[in-house]
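To start, the structure itself, in structure tokens.
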Amino acid sequence: MGAALDSVPTSGIIRIRDLMFSVERPYRLDQGDVSFAVPATFKAAMKAAIDADHSHYLQTAGLPRIQELLAAKLRRANAIPVESAGDVLMTSGGVHALYLSCQSMIEPGDEVIIPDPVWPQTLSSIVAAGATPVRVPLHEGLGWRFDLDEVASHVTPKTRGLYVNSPGNPAGGVFTRADMGRLAALALEHDLWVIADEAYEDVVFDGREHVSIASLPGMHERTSSLFTFSKTYAATGLRIGYVTTGRAAWRSRMTKLLGMTINNVSSVVQYGGIGVLEGDQSVVAQYREELQARRDLFYTGIWDAARHVFSGDPPAGAFYAFLGIDPSWKIPAGASSASRSWAMAEHLIGKARIGCVPGIDFGPASEGYVRFCFARERNELLGALHEMRALFA
Ligand code: PMP
């Protein structure tokens, strides 16, 4: 790879994060981090693991107990027909699971269909593996879902794979069971593989259903399904995720890569994971309810403070407000960029201390949007809304 990495795009989210460090008393609505503490069961199990000196090498794919718990969870909650606990591989977060999947499944020159807008790390991982990403729009009018005929029309003889992210980052669309059925039919018809990024599986609002595409007939063998503790248990910094697929050849490649990249996920964190999985799961619903309340608080506030500047409906899932910038908004004189979404981000950060991510980072078609994360404390959201009202008065 080497020099090829030079042309792999990096995320502008990093540039924003650096900008935010120069802001005093910032509103950190830029990064996708939840403000909750990890559940007490997670902390207690990590402390116990430290005291028990669980600080040595482990099995590459993960502790058998956590694999067992996750295999049971995948069968029960996701209806994925995981054959044996050893089919679940522990990774250093979802981002690592995505990287392992891309490296194990992609051949140079393959075309891979991705949603537009897309999470920048997805694009980077696909390009780093030598594939050509093919963007297919998610439509705001469809609740940020695909038009499935449009997806089919982008399949060419070179198409090998499909990246499916529901609930989606940045726009929060949730694909229905019927959507997943059509995507699965397309994969079966054209012999495509699927990477199912289910990082936000537990963040679905208004009683919606999360559907794992690998639960549909014939799909587990051609899908790599990836998950993370980051969002479900508010554990972004602990770096624990997992991946499973019904195809043994991919699991074996991914296990090799685990050996080369991390050897094993931190022992203490895996014991913590066992603790949280064995504990009371009501915390997951509590987080979801609070996130839904924060979504509603944020949208009510935006409509009140800046309806003439921003538009968009509350998302069905994930925890981002992906808002359209009104065409009447003029780029302020002296803006460092001709990009509307960058100029808006700079304006909000510079004048109101509000972090956000320019739409352009998620693809050229999203130039007219900005993303705010509403998984922050209510006070932080209210403070940002207060500043916004003054800014756009
Ligand atoms: N997939 C998507 C779509 C995400 O937004 C994220 C986090 N921003 C991840 C995967 C992975 O997160 P982590 O590496 O923290 O598990």
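The values are calculated or read from the model by the stated rules, or taken from the named source; none is laboratory data. Just so we're clear, the structure is a prediction, and the values are computed from it rather than from any experiment. Don't worry about glycine lacking a Cβ; one is built from the backbone with ideal geometry, like all the others, and counts go over all protein chains shown.
If the condition is being buried (at least 21 other Cβ atoms within 10 Å of the Cβ), small (Gly, Ala, Ser) and in a helix (DSSP H, G or I), then region 353-366 contributes Gly359, Ser366. Within region 111-132, being within 13 Å of the ligand (Cβ to nearest atom), assigned to a loop (DSSP other than H, G, I, E, B) and hydrophobic (A, V, I, L, M, F, W, C) holds for Val118, Trp119.
I'm trying to understand the selection: among the residues of region 367-390, which are small (Gly, Ala, Ser) and either in a helix (DSSP H, G or I) or in contact (Cβ under 8 Å) with a residue 60 or more places away in the chain (or both)?
We begin by selecting, within region 367-390, every residue small (Gly, Ala, Ser); these are 368, 375, 383-384, 390.
Ala375, Gly383, Ala384, Ala390, listed by residue number.
Residues that are of a type in the set (Ser, Thr, Tyr) and either assigned to a loop (DSSP other than H, G, I, E, B) or under 19 Å from the mean Cα position of the chain (by Cα) (or both) within region 1-58 comprise Thr10, Ser11, Ser22, Ser35, Ser55, Tyr57, listed in sequence order.
Considering only residues that are within 24 Å of Phe229 (Cα to Cα) and within 20 Å of the chain's Cα centre (by Cα), look in region 287-313 and name the one that is surrounded by the fewest Cβ atoms within 10 Å (Cβ to Cβ). Checking each candidate, the answer is Glu289.
Residues checked against (1) in contact (Cβ under 8 Å) with a residue 12 or more places away in the chain; (2) on the phi > 0 side of the Ramachandran plot; (3) within 14 Å of the ligand (Cβ to nearest atom); (4) not assigned by TED's automatic domain parsing to the domain that holds Tyr242:
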residue: Ser7; (1), (2), (3), (4): yes, no, no, yes
residue: Asp51; (1), (2), (3), (4): no, no, no, yes
residue: Ala61; (1), (2), (3), (4): yes, no, no, no
residue: Leu74; (1), (2), (3), (4): yes, no, no, no
residue: Ser84; (1), (2), (3), (4): yes, no, no, no
residue: Met90; (1), (2), (3), (4): yes, no, yes, no
residue: Leu98; (1), (2), (3), (4): yes, no, yes, no
residue: Ser104; (1), (2), (3), (4): yes, no, no, no
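A Cβ distance below 8 Å, combined with a sequence gap of six or more or placement on separate chains, defines the contacts here; from region 152-179, residues that are touching a residue at least 60 places away in the same chain (Cβ under 8 Å) and not assigned by TED's automatic domain parsing to the domain that holds Arg288 reach residues that are within 13 Å of the ligand (Cβ to nearest atom) and of a type in the set (Asp, Glu) in the pairs Ser166/Glu198; Pro167/Glu201. A count restricted to region 180-203 and to residues that are buried (at least 21 other Cβ atoms within 10 Å of the Cβ) and within 15 Å of the ligand (Cβ to nearest atom) stands at 9. Within region 113-134, is even one residue acidic (Asp, Glu) and over 18 Å from Val164 (Cβ atoms)? No, region 113-134 contains no residue that is acidic (Asp, Glu) and over 18 Å from Val164 (Cβ atoms). Taking the listed residues Ser282, Ser366, the one that is within 16 Å of the ligand (Cβ to nearest atom) and not aliphatic (A, V, I, L, M) is Ser366, with no other qualifying.
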